[in-house]
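Notes follow once the structure below has been shown.
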Amino acid sequence: LSDKKYIGCDGIEIQLFDELIANKKMGLYRKYKEVIDVRDFVRRYDIDIIHSPLVQGDVLLEALVDSKDGVLLTEIFDLAQEVAELSNKNIGVVIYYEKLEDEDKWRDIVTWVGTILSYHPNTYLLIENVSPFRDINKGHFPRVSNNFGFDNVEMVSALRRDTGISRIYTCLDTAHALISIQCIDSWYKFMSDLKPYKVTMEDYFEKNKD
């Protein structure tokens, strides 16, 4: 963070890793105030974003909702709200999310997102696009994810509609987008009987602009 500040970066992102996770298997989590000196961070850095930690191998919204009745999701937004109040501006929370077909799980997520944002008025939620493959470093064949194209745009629209809250946006990770573009191009070249389908970085910017 100090190096980023030195070269003139603004809008610093605080990337949480496992600081808040006491025991993943047992679902035990720490209070953010036990491990993070928030006032010191705000004094030293121009913070704009809090990036959610890894849970169940990913920063997936459904995993955060499952974590002991949403306690980890609440801690993340509590941290973001305190940063917002100390720095006198709104703070975003970046979370990954894959499309769900489970209607019960979707209702849980809508309820939690609506409640969390209502109780943290100076925060907003950002759903980031992911890379095409998940669980790459776990010693087995990686699985293909969704939300590596424009699914996060659809997710944001659905969450805004079902929660009635507009403080939900997309976060465009350009590295993930470039990997996705290369994979999509390779898949369609490999499956030569399919009609060519081309995705560009301009498409990503266009889809995410609103």
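The values are calculated or read from the model by the stated rules, or taken from the named source; none is laboratory data. Values in this document were obtained by computation on a predicted structure and should not be read as measured data. Virtual Cβ from ideal backbone geometry, glycine too; neighbours counted across all protein chains shown. Remember, those area values only see protein heavy atoms, side chains included, never the ligands or the DNA or RNA. Shrake-Rupley method; radii C 1.70, N 1.55, O 1.52, S 1.80 Å.
Inspect region 139-147 for any residue being in a helix (DSSP H, G or I), at pLDDT below 70 and of a type in the set (K, R) and give the result as yes or no. There is no residue in region 139-147 that is in a helix (DSSP H, G or I), at pLDDT below 70 and of a type in the set (K, R).
Listed here are the residues, each with its yes/no results for (1) among the small types (G, A, S); (2) modelled with pLDDT of 95 or more; (3) closer than 21 Å to D173 by Cβ.
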{"site": "Y96", "(1), (2), (3)": "no, no, yes"}
{"site": "L100", "(1), (2), (3)": "no, no, yes"}
{"site": "E103", "(1), (2), (3)": "no, no, no"}
{"site": "W112", "(1), (2), (3)": "no, no, no"}
{"site": "T115", "(1), (2), (3)": "no, no, no"}
{"site": "P121", "(1), (2), (3)": "no, yes, no"}
{"site": "Y124", "(1), (2), (3)": "no, yes, yes"}
{"site": "N129", "(1), (2), (3)": "no, no, yes"}
{"site": "R134", "(1), (2), (3)": "no, no, yes"}
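Across region 104-115, which residue is nearest to Q81 (Cα to Cα) among those that are among the β-branched types (V, I, T) and more than 15 Å from the chain's Cα centre (by Cα)? Checking each candidate, the answer is T115. Selection within region 25-38: residues that are modelled with pLDDT under 70 and surrounded by 15 or more Cβ atoms within 10 Å (Cβ to Cβ). The member of this set that is farthest from P53 (Cα to Cα) is G27. Selection of region 72-111 for residues being over 19 Å from K31 (Cα atoms), open to solvent by 50 Å² or more (accessible area, probe 1.4 Å) and among the hydrophobic types (A, V, I, L, M, F, W, C) yields L100, W106.
For region 156-172, the candidate set comprises residues that are under 17 Å from E206 (Cβ atoms), open to solvent by less than 60 Å² (accessible area, probe 1.4 Å) and not in a strand (DSSP E or B); within that set, the residue that is modelled with the highest pLDDT is V156.
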